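Trainee: Pasting in a structure now, in structure tokens, and then I'll have a few things to ask.
The values are calculated or read from the model by the stated rules, or taken from the named source; none is laboratory data. Keep in mind it's a predicted model, so treat the numbers as computed, not measured. As a convention, Cβ positions derive from the backbone with ideal geometry for all residues, glycine included, and neighbour counts pool all protein chains shown. With ligands, DNA and RNA removed, areas are computed over all heavy atoms of the protein, side chains included. Shrake-Rupley method; radii C 1.70, N 1.55, O 1.52, S 1.80 Å.
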Amino acid sequence: MSENRGKFTREAAQAYLGREPELISTQLSKRLWTTSDGQCRSLFAEADNSVLAFDTFGTPGRARAYKKAIEAAIPDKPVRNIIYTHDHLDHSGFAADLAVDAEIIADVICAKVIKLRQAEGQTQVTKILEGKEHRMNIDGLEFTLLNPGPTHGSGNLSAWFSEEKLLFSSDTILANARYGFMPDYHFCNFVKFMRGFLELEWDTFVPGRYELTDRAGFERGCDFIEAIQIESQNAFAEFVPIWAFEPMKAYVSGKLTDRFGDMDGFDEHIGEMAIRIVHHYLMGGWGMEDTPVAGVLLADEVTL
Ligand SMILES: [Zn+2]
């Protein structure tokens, strides 16, 4: 079977694109479920006559596995609405493999980037949201979508379910240190906007990867990223060769192991994270990604 390829050009990618992992679903409340393959995670919700899915799980095969997981949890209702939490293919690609003809809801900047990207199989957005806060009622399902500003990817949306006291924010704060090299994180305001979510009433945090956490875990996650940002700046003052992996890893590990060394994945990932973040300060960001109004360059250039 030939899958939609996203941005891959090599036939060999079919093996990755078509694989359907086993997903484990957990019911979080009467209407909310989360499902995960052990790494990627998403959220879906039962509405009056349909299902609302966040994201797509990121490959055609994974989207089909997501569809099966949803059907196993809620057998008698179709997925009619999909919310893209941001533009990245590994979260919002290949929606047709999850639900053909579903309404695709996303922030305007996410919609513009996806339109310009023209990745094979990344379904275009059909319902566009503009602004920082949206009180949603989708087929009887009430919740709030929030875009405080650029955090991760383009047009990021987080979901607050006040009734369940639950926050879902994909690809932002993890309950561990397994971030990798943090592509497309916007460090000028990332921690500030994440901490802003603590003003809302919630007890459970669902990330886009790995395990759930609580408010204390979320705050510690914010502290962790902030601490790497601080030590990455200190590395300049101490003339660490910031372009080299081993010296940066050794420097930041030395500063942060006492506070954060117990976090799962710390040793394996702290060097990558530090290299990425130190280059944010070296270069000031990548083009428009860390400007306060990231959408301005697309404002008059893309019509939806
Ligand atoms: Zn992402």
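Trainee: Given the criterion open to solvent by less than 30 Å² (accessible area, probe 1.4 Å) and either of a type in the set (Lys, Arg) or more than 21 Å from the chain's Cα centre (by Cα) (or both), identify the matching residue among Phe260, Phe218, Phe205, Phe266.
Mentor: Sole residue among the options that is open to solvent by less than 30 Å² (accessible area, probe 1.4 Å) and either of a type in the set (Lys, Arg) or more than 21 Å from the chain's Cα centre (by Cα) (or both): Phe260.
Trainee: Okay, next question. Just a yes or no: is a residue in the stretch 58-73 under 16 Å from Ser25 (Cβ atoms) and either outside any helix (DSSP H, G or I) or within 12 Å of the ligand (Cβ to nearest atom) (or both)?
Mentor: No, the stretch 58-73 has no match at all.
Trainee: Within the stretch 179-209, can you find the residues that are under 30 Å from Ala244 (Cα atoms), assigned to a loop (DSSP other than H, G, I, E, B) and more than 14 Å from the ligand (Cβ to nearest atom)?
Mentor: If the condition is that a residue be under 30 Å from Ala244 (Cα atoms), assigned to a loop (DSSP other than H, G, I, E, B) and more than 14 Å from the ligand (Cβ to nearest atom), then Phe187, Cys188, Asn189 are the ones that fit.
Trainee: Which of the following residues is within 17 Å of the chain's Cα centre (by Cα), of a type outside the set (Asp, Glu), under 17 Å from Glu289 (Cβ atoms) and open to solvent by less than 10 Å² (accessible area, probe 1.4 Å): Phe181, Phe168, Phe190?
Mentor: Phe190
Trainee: Related question: So, Ser158, is that one among the small types (Gly, Ala, Ser) and out of contact with any His (no Cβ under 9 Å at 6 or more places or on another chain) or not?
Mentor: yes
Trainee: Which residues, taken from the stretch 139-172, are in contact with a Gly (Cβ under 6 Å, 6 or more places away or on another chain) and either part of a strand (DSSP E or B) or away from the ligand (no atom under 14 Å from the Cβ) (or both)?
Mentor: Of everything in the stretch 139-172, just one residue is in contact with a Gly (Cβ under 6 Å, 6 or more places away or on another chain) and either part of a strand (DSSP E or B) or away from the ligand (no atom under 14 Å from the Cβ) (or both), namely Pro148.
Trainee: Answer yes if at least one residue in the stretch 86-104 is more than 16 Å from the ligand (Cβ to nearest atom), touching a Gly at 6+ places or on another chain (Cβ under 7 Å), of a type outside the set (A, V, I, L, M) and open to solvent by 30 Å² or more (accessible area, probe 1.4 Å), and no otherwise.
Mentor: no
Trainee: As an exercise: evaluate Ala72 against (1) open to solvent by 30 Å² or more (accessible area, probe 1.4 Å); (2) under 18 Å from Gly208 (Cα atoms); (3) small (Gly, Ala, Ser) and give the number of the one condition it does not meet.
Mentor: Status for Ala72: all satisfied but (2).
Trainee: Looking only at the stretch 1-37, count how many residues are at pLDDT 95 or above and in a loop (DSSP other than H, G, I, E, B).
Mentor: 17
Trainee: Still on this structure: Are there any pairs with C-beta distances below 6 angstrom linking a residue in the stretch 45-69 that is without any contact (Cβ under 8 Å) to a residue 40 or more places away in the chain to a residue that is open to solvent by 10 Å² or more (accessible area, probe 1.4 Å), with the two at least 6 apart or on different chains, and if so which?
Mentor: Val51/Lys77; Val51/Val79; Gly58/Asp90; Ala63/Asp97
Trainee: For the stretch 270-284, what are the residues that are under 19 Å from the mean Cα position of the chain (by Cα) and open to solvent by less than 40 Å² (accessible area, probe 1.4 Å)?
Mentor: Met273, Arg276, Ile277
Trainee: Of all residues in the stretch 75-85, how many are surrounded by fewer than 21 Cβ atoms within 10 Å (Cβ to Cβ) and in contact with an Asp or Glu (Cβ under 7 Å, 6 or more places away or on another chain)?
Mentor: Total satisfying the criteria: 2.
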